[in-house]
Structure formats: structure tokens, C-alpha cells
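*Asks:* First, the structure itself, so that you have it in front of you.
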DNA sequence: ACGCATTTGTTCGTATGTATT
DNA sequence: TAATACATACGAACAAATGCG
């Protein structure tokens, strides 16, 4: 049963405090908690609406509204006739869900990766701040290249909290087929559900120019991504350099 | 009443044809048509859910679901206790709804504009293609600068279909207080509801460098925006150059 | 090939709560 | 306080998609 099920009114209610939340929001929170706790794993089906309604002692429509919102937030995926499933990064359909770079001509074909580096070290101050680590905490740094049609296009510098990614090595990264966030999900139980990006234009330095096979000072997109898991906890800082000679960053406004 | 209300099945139904749509989708289409036709103007309230239910001879819940989607798409705005309103660009709250550039420190303060140019001419081939104009059709070209805290940060080159914007002049642009899309709405009846952006990194040329008060070859964000009105009709092509020395393009992924 | 059970999707109706005027 | 409008919640019925026997 939902915890504080609408106790008529609260006579001591004061202004500007939420103090109450609709039933379906409470159900939504309970479902989110189960997701966070790993009761249902990515790719799996959650119980049917009827079962959840019975479990929480609410109507099916209330469960439905909770799931509607979770599915709008891409935490769940509904499939008519089959059930409702926990969203996953390890699926063909939505592969590279977070990668917005597109080739000038047509669709994005196969993407190859090359991992340059993967090591554990004390998090630099700015990384520690972004990931909400204590100074001195260890972080994992991964550097990699992405190739579109054989050409290097993206150079990523990725920072992860060390305590969440024990045992992450370049080998495991290389072996794993599919998106990196799929590996994080299945091997480390860390699920990226949202991210914020800050995009700038910068000039390529010597190193990145060589890796991306272009001349120094070429303008590049600098994409700094902060990724969050449940509860808006930051769990990845990713600094990418994108070559936009024959690709562009695609965005939808509405 | 909605037109083709679920004619059981179509015996001749073939694969991959829609051939049917839920009632609430039909209602949504009817409401969209009224919006497009100008029956309710930006900022105005549309009829209440009950009234619409009566008009279309469906239940309130069905109208509600249609409005839910339209409001999720930012075509309508619901306000509890007051009604449902047609979204507008001419409001303080959502001003610069489409501008994603943010200063490195804190919030975006007041933005000043300076219009450099506004003229009518035959649309260049690439512009005509993007705006779906016939070759030879006239277009309006607007060039302007945006200033953040007194400093020039954005240089926009804007192209509009000539036949929709008769009488648009630099004076009218300058006189109008508020976002340009607000002017388009109220003076020309053209409502931007969606846009696609292609973002690249480029080097500043002589002209843009001077206008943005920086040195040539400085990396800049190139933001090409194609804006759409109802029915996914393109009605604006905007090419922006953003200085990202102390600002960044902010994006949310989910 | 057919039917059946399961699950989500759609639609209706009704009642009550909350916000605004 | 009352009227109005959107928001929440319940219940019920049927449709459509899927998978199994």
C-alpha cells in the first residue's frame, strides 16, 4: 500500500511545501525504488499492471499513470501484448541512445571503437567535483576513439567513480560488444538514465589532431557530458572531441 | 463526431498501413486543425474539456488524453483551475524557448539585439530547398547580433519564406519587444512549434570575427536551425554562429 | 491454422480533490 | 462562498498484439 494515502487534509499544511503527492506519484516512487534496488533488471519485464495494482492496493489506472510517466522518462518501455520492460542500453534498436553525432549523408552505419587507455588514479579536482567524490578518491579514466566508416571522428575522455567500477579494464571494454553503457549496466549495475551536455567549439591541439587524423587548430566540437543514474546521482563525466568535417551534432527543439 | 470512428476492421487491410487511429488521436488531429486554422490564438484559452467532449461527442477522458499529448508537445499549456491555453513564444516564462546558449556562470540575464540587415531577395538554391520554395521565390533575409551583458555572442543569419512575411522590416523587428518568434506569431500568424538543429565547429571568418569582437579563425559553434510550423512545414532557416569563450550550448539527453 | 489466455491500449462513466476567480 | 476547470482515482468493458498449445 502507498504510504501516506491522502489523509483527507493536513490541517497544519503550510504554503509552498509539497506536503502531499498524488497516489500515482507515490506508486511511481515505489516502482523507481524497485528499479534502483535491482528487483527488476534491465531488459526484464516488470509485473503486469494488474499484479502491481494488487501489490500496491490501488486501481490498475493508477499504476498505468505511474508507468506512463516512467516510460516517458525512458526508464521503462511498454510493449503491447507482451508487457512492460526495464529500459536497457544493450539493445540494437536504441543503440547509441546518447550519441547525437550523425554523418552528413544518410544514416549512421557501423561504429568501431578503439580503446587507448584505461587506468585508475586519484580524481583531479574538477572531476571529483563533478562526480561528487571526496578529494583523494580514486577514479577510472578511459580514453577511446570512435570510428565512422573507418575514419576517426570522436575522441572521448571518460571519468568514472572508482568505487563503482572495480575491475574495469581495457580488455573487458574491448571484449564487450555493444555500447559501453550496456557493459556498465550488466557488469557493474550502473544505469545511465539521463545526461546533461555542455557544447563548445575549440581548436584541436597536437595530440587530438593526430588521433583524429587532422591538422592542429582545426575547430572541433567539445562535448562535456555529465551522466546521472537514479536519484540524479552523477556517475560519469565524459569529455568528447567531435570532428565535424563530415558529421554534425543533431538536436531536436520543442 | 470524429470522422471514421473505428469501422470494425477493414477486410482489405494490408500490412504496414495505418488505416485506423484511436479516437483520441482523431480528436487530437481535430484540435490541431483548429489551432492551425487560427480558431484559438496563441495565449488564448481553448474550450474546456467538457465543452470539447460535447462538441466532438466523446467522453471527457478521451479529450483529456488528446490534450495530454498536445501539451506534451508544447502546443498547449494546461493550468489547473484556469483552463488550457494555446502555447505562445510571447511569454516571459518561456522566453527564448529555443535558445540553448547559457553563460558559464549562472543564469542568462537580459539579452539585447541589434539588427544588421533585413531585405527581400530571391532565395539561394540551398535556402529554397530547405524551405521548400520554388526556385525564384523570394525570401526574407535577416541578420542580427545577440548581446549577453553587453558583449556580442551570437550572429544569426535568418531566412524566411517571402510570401509569409510580407512587410517585415528592420524597423518592425527593432520596435518589437520580446522574442522574434513572438512577433512572427502575432504579426504574421506563423507559429514555430518544433525545430531541428545541426551543430558543427567552424573557424570564424573576417566578417563574423569583427562582428563578434574576436580574432579570425577563432573556433565558433555553427548552429543551423530549421524551424517547423503545423504539419511539419519548414518556415525558417537560421544559421547561427555562437561564441563559446564564456558560454556553452546546453543540451539534455534522456 | 485456430483458438485461448495474457497484457497493454482505448474508451466510457462517475466521483472527488485542488486551484482559480 | 460558489462556480468553473483541470487533476486524480476508481471501475468496467472491449480492442489489439503477442505467444502458446
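The values are calculated or read from the model by the stated rules, or taken from the named source; none is laboratory data. The model shown is predicted, which means the values in this text are computed figures rather than measured ones. Glycine gets a Cβ as well: all are built from the backbone with ideal geometry, and neighbour counts include every protein chain shown.
*Asks:* For residues that are outside any loop (DSSP other than H, G, I, E, B) and within 21 Å of residue B:252 (Cβ to Cβ), tally how many sit in region A:168-192.
*Replies:* First, the residues of region A:168-192 that are outside any loop (DSSP other than H, G, I, E, B): A:170-175, A:180-188.
Then drop every residue that is not within 21 Å of residue B:252 (Cβ to Cβ), which leaves A:180-181, A:184-185.
Counting residues in region A:168-192 that are outside any loop (DSSP other than H, G, I, E, B) and within 21 Å of residue B:252 (Cβ to Cβ) gives 4.
*Asks:* Still on this structure, please answer the following. Kindly evaluate residue A:217 against the criterion of being at pLDDT 95 or above and within 14 Å of chain B (Cβ to nearest Cβ).
*Replies:* Details: at pLDDT 95 or above: yes; within 14 Å of chain B (Cβ to nearest Cβ): yes.
Taking the combined requirement at face value, the residue satisfies it.
*Asks:* Determine which single condition residue B:227 fails, assuming it passes every other condition in (1) assigned to a strand (DSSP E or B); (2) farther than 13 Å from residue B:98 by Cα.
*Replies:* Unmet for residue B:227, out of (1) assigned to a strand (DSSP E or B); (2) farther than 13 Å from residue B:98 by Cα: (2).
*Asks:* Right, here's the next one. Of (1) away from chain A (no Cβ under 14 Å); (2) away from DNA strand C (no atom under 14 Å from the Cβ); (3) in a helix (DSSP H, G or I); (4) in contact with a strand residue (DSSP E or B) (Cβ under 8 Å, 6 or more places away or on another chain), residue B:32 satisfies all except one. Which?
*Replies:* (4)
*Asks:* Next question. On the given criteria, is residue A:207 free of Cβ contacts under 8 Å to residues at least 40 places away in the same chain, on the phi < 0 side of the Ramachandran plot and within 11 Å of chain B (Cβ to nearest Cβ)? Outline the logic, then answer.
*Replies:* Values: free of Cβ contacts under 8 Å to residues at least 40 places away in the same chain: yes; on the phi < 0 side of the Ramachandran plot: yes; within 11 Å of chain B (Cβ to nearest Cβ): no.
It is false that residue A:207 is free of Cβ contacts under 8 Å to residues at least 40 places away in the same chain, on the phi < 0 side of the Ramachandran plot and within 11 Å of chain B (Cβ to nearest Cβ).
Here's the yes/no breakdown for (1) more than 13 Å from DNA strand D (Cβ to nearest atom); (2) within 21 Å of residue B:146 (Cβ to Cβ); (3) modelled with pLDDT under 95:
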site: B:20; (1), (2), (3): no, no, yes
site: B:39; (1), (2), (3): yes, no, no
site: B:47; (1), (2), (3): no, no, no
site: B:65; (1), (2), (3): no, no, no
site: B:83; (1), (2), (3): no, no, no
site: B:90; (1), (2), (3): yes, yes, yes
site: B:96; (1), (2), (3): yes, yes, yes
site: B:103; (1), (2), (3): yes, yes, no
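*Asks:* So, one more: Any residue in region A:174-181 that is within 12 Å of another protein chain (Cβ to nearest Cβ) and crowded, with 18+ Cβ neighbours inside 10 Å?
*Replies:* Kept after step one, since they are within 12 Å of another protein chain (Cβ to nearest Cβ), are these residues of region A:174-181: A:181.
Now drop any that are not crowded, with 18+ Cβ neighbours inside 10 Å, which leaves A:181.
Checking region A:174-181: at least one residue is within 12 Å of another protein chain (Cβ to nearest Cβ) and crowded, with 18+ Cβ neighbours inside 10 Å.
*Asks:* Just checking, does region B:229-242 include any residue being over 21 Å from the mean Cα position of the chain (by Cα) and in the same structural domain as residue B:129 (by TED's automatic domain parsing)?
*Replies:* At the first step, the residues of region B:229-242 found to be over 21 Å from the mean Cα position of the chain (by Cα) are none.
No, region B:229-242 has no match at all.
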